[in-house]
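Here's the structure we're looking at; comments come further down.
Every number in this text was worked out from the coordinates using simple rules, so none of it is lab data. Note that the structure is predicted; figures quoted are calculated from it, not measured. As a convention, Cβ positions derive from the backbone with ideal geometry for all residues, glycine included, and neighbour counts pool all protein chains shown.
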Amino acid sequence: MIHWRKTLVSETATIRQAMAVIDGGGAQIGLVVDKNDRLLGTVTDGDIRRAILRSGSLEDPVAGVMKTEPVTARLGSSREDALALMQARAVRQLAILDSEGRVVGLQLMDEVLAVAPRDNWVVLQAGGMGTRLRPLTSDVPKPMLRVGKRPILETILLSYRAAGFHRFFMSVNYKREHIKEHFGDGSAFGVEVNYLEEEEQLGTAGALGLLPEAPTAPVIVMNADLLTNLNFAQLLDFHLASGAEATVCVREYDVQIPFGVVEIEGAKLLRIREKPVHTFFVNAGVYVLNPSAVSLVARGTHMDMPSLLQRLIDDGRPPAVFPIREYWLDIGRVDDFVKANLEYEDVFE
């Protein structure tokens, strides 16, 4: 049970301070209040991620990103009424206010529903060769390399299971027997696992053409060489709220120029910026695709995910973007594998 006071954010707080409250409070929301606890607005993880995409400073006031007309309920409302209101307004948190507009409680949909299973399919791309990790992958596929106490792919599956997902498809090719023997039908892990067997490499999207039937709900697709503590249920909620046919997870990546960068105008020196850092958003290898997007992948054809996303863009259906601010590591090189083992216990245990 999360105590609602842990979610309170001062009206004078910065976005960074609100982010700390959201992460620490466990309810995925901050309730912005005045000095008398009167509700002024709410701020969610999604609000903060959109602020990051706008290149806003985390030191900006939280008032600039909060929702000023949040969905609320009055003190004395029943759990049934609260659930009906949350479902009708498509929200997962509901501030409870007294007659003076002061916060006196917080109702969470997950607490009302207890465990909320997610029937959406999860496709884990586990068929790569892992060439850059040889000789580690000479006898074992990269997703089955052990990081911490278990294989990378098992850590990924358990993270999804903890978020309520239970239907998995694993695309397999290289050394597939290791994966199939470890996971079987998934029953040992309390989930359902099926396999998309690529007889040849089909690319990062091509395996979707091997699904046994068309999905009826959004599908999460993830590379199986990633370690992240991203909240996958939160990602799915973000996607559904966006209205887009696809959502792409991105990660901030900094590149430092190792020299002083000279800015000139004609033959005149304007200034020298010493070793500046440039920040980019990079593809994080996690996607949510509506059935309409999945249908663009023909059976047995090679297609990479960037090509699929570009097709949506060219058709005037641009994907949404979800910035990952949690732990994220792409295990593509031996140095990454060493780093993952050093950090695993602190992040996942």
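Structure above, values below:
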read-out: Rg(Cα)/(2.2 N^0.38 Å) for the range 155-299, N = residue count; value: 1.43
read-out: Excluding exposed DSSP-loop trypsin sites (Lys or Arg not before Pro) (at most 13 other C-beta within 10 Å), longest clean stretch of the chain; value: 150-298
read-out: Positive-pole candidate from LEU342, LEU270, ILE152, dipole of the chain, charges at beta carbon; value: LEU270
read-out: Residue order, fewest to most surrounding Cβ atoms within 10 angstrom, among LEU94, LEU208, LEU145, LEU136; value: LEU136, LEU145, LEU94, LEU208
read-out: Computed FRET value (nearest 0.05) for ARG333 with GLU11, which takes r as the C-beta separation and R₀ as 41 Å; value: 0.35
read-out: When the convex hull of its Cα atoms is projected in every direction, mean area for the range 55-179 (nm²); value: 12.7 nm²
read-out: Neighbour-count order for VAL91, VAL71, VAL297, fewest beta carbons within 10 angstrom listed first; value: VAL71, VAL91, VAL297
read-out: DSSP beta bridges in the chain [antiparallel fraction, %, rounded to 5]; value: 60 percent
read-out: The chain, helix-only ellipticity at 222 nm - DSSP H runs n ≥ 4, -39,500 (n - 2.57), divided by all residues, nearest 500; value: -8000 deg cm²/dmol
read-out: Anchor LYS268: aspartates and glutamates whose Cα lies under 14 Å away (excluding residues fewer than 8 positions away in-chain); value: none
read-out: Vicinal HN-Hα couplings computed from phi for the range 212-226 (Karplus, 6.51 cos²θ - 1.76 cosθ + 1.60; Hz; Gly/Pro x); value: x, 7, 6, x, 10, 8, x, 10, 8, 10, 9, 5, 8, 10, 10
read-out: Intensity falloff of the range 218-349 expressed as log10 I(q)/I(0), Debye formula with alpha-carbon point scatterers, at q = 0.16 Å⁻¹; value: -0.92
read-out: P(r) weight above 26 Å for the chain, C-alpha pairs, percent; value: 57 percent
read-out: Added length on full extension, which subtracts the Cα-Cα distance from 0.36 nm per residue, SER57 to LEU85; value: 6.7 nm
read-out: All lysines inside 26 Å of LYS180 as judged from Cα atoms, apart from same-chain residues fewer than 8 positions distant; value: LYS142, LYS149
read-out: For THR137, THR7, THR204, order by how many other beta-carbon atoms lie within 10 Å, fewest first; value: THR137, THR204, THR7
read-out: Percentage, to the nearest whole number, of Cα pairs in the range 143-196 over 13 Å apart; value: 57 percent
read-out: Isotropically averaged projected area of the range 1-84, using the convex hull of Cα atoms (one quarter of hull area), nm²; value: 5.9 nm²
read-out: Inter-centroid distance (Cα atoms) of the range 1-41 relative to the range 217-237, Å; value: 26 Å
